[in-house]
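Worksheet for the structure shown next.
Nothing in this text is a laboratory measurement; each read-out follows from the coordinates by a stated rule. No experiment lies behind these values; they were computed from the predicted model shown.
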Amino acid sequence: YSGGVLETFHPAVRAWFERRFPEGPTEPQARGWKEIAAGKHSLIAAPTGSGKTLAAFLVCIDRMYRAHEAGAEMGDGPQVVYVSPLKALAVDIHQNLEAPLREIAEVAAELGLASPEVRVAVRTGDTAPSERAAMLKRPPNFLITTPESLYLLVTAERSREMLRGVETVIVDEIHAVAGNKRGSHLALTLERLAHAGVKAQQRIGLSATQRPIEAVARLLVGAGTDRSNPDGSPRCAIV
């Protein structure tokens, strides 16, 4: 039902998901995982409540678990940057990231498997200066932020240096900025983030169902010959 992707997940990640969601993944999750796991820029367009955010996070968590199992070192800075234009993201993050991380680590321990230490930090306009300083000293693996705070992080030298190892950028609620200046500003920030990085970054967009969805995909992946398919469509898997 999930195109076999769930079977390829780390045993702890798979066992957690199967216990938590015995009815299996939703269609956006099953189809989204396949594209994300293949390393493609991906846009999942589906209604609220269809598990889009967890779909994006779970592939990233799985990659960290498998890298840990293979003995790979976690980098010094965030591997995943999650950007949401909505202030309500903190509650969402607890539900879609912090709780799963804690529960997956418990399942791993139960299965006798090692789990990586995965740290999460939130950086918004409300983040206290002490927390910002602590984040630079001990960077998280998942950085949760807003378009405006990401702009500041990419602009300041120390925090830009911290972002050099980013591998995945998740843009949630991208439809909310698609028609306004925040979207233009974010598109520019994503290019600057890519320029600051040392690895090719995978972009994952999460959107409500919009028309034309190709326009939202274009905003996600950007413009240029390397961002388009031969037929001119954005080089982005659309689920």
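Specify the residue with the greatest mean-square fluctuation among Leu220, Leu186, Leu152, computed from a Gaussian network of the chain linking alpha-carbon atoms under 10 Å apart.
Leu152
Please report the antiparallel percentage of the DSSP beta bridges confined to the chain, to the nearest 5.
Values: 1 of 23 bridges.
Beta bridges within the chain, antiparallel portion: roughly 5 percent.
Give the Rg (one decimal place) followed by the Dmax (whole number) of the range 122-199, computed from C-alpha coordinates and expressed in Å.
Radius of gyration, then largest Cα-Cα span, for the range 122-199: 12.4, 37 Å.
Taking N as the number of residues in the chain, what is its alpha-carbon radius of gyration divided by 2.2 N^0.38 Å?
Scaled against compact globular proteins, the figure is 0.97.
Sorted from largest down, give the three principal axis spans of the alpha carbons of the range 58-129, whole angstrom values.
Dimensions of the range 58-129 along the principal axes of its Cα atoms: 39, 24, 22 Å.
Taking a cut-off of 27 Å between Cα atoms, list the lysines near Lys199, but don't count ones fewer than 8 places away on the same chain.
Cross-link targets: Lys34, Lys40, Lys52, Lys137.
Binning at 5 angstrom from zero up to the longest distance, how are the C-alpha pair distances of the range 1-135 distributed in percent?
2, 9, 18, 22, 21, 15, 8, 4, 1, 0
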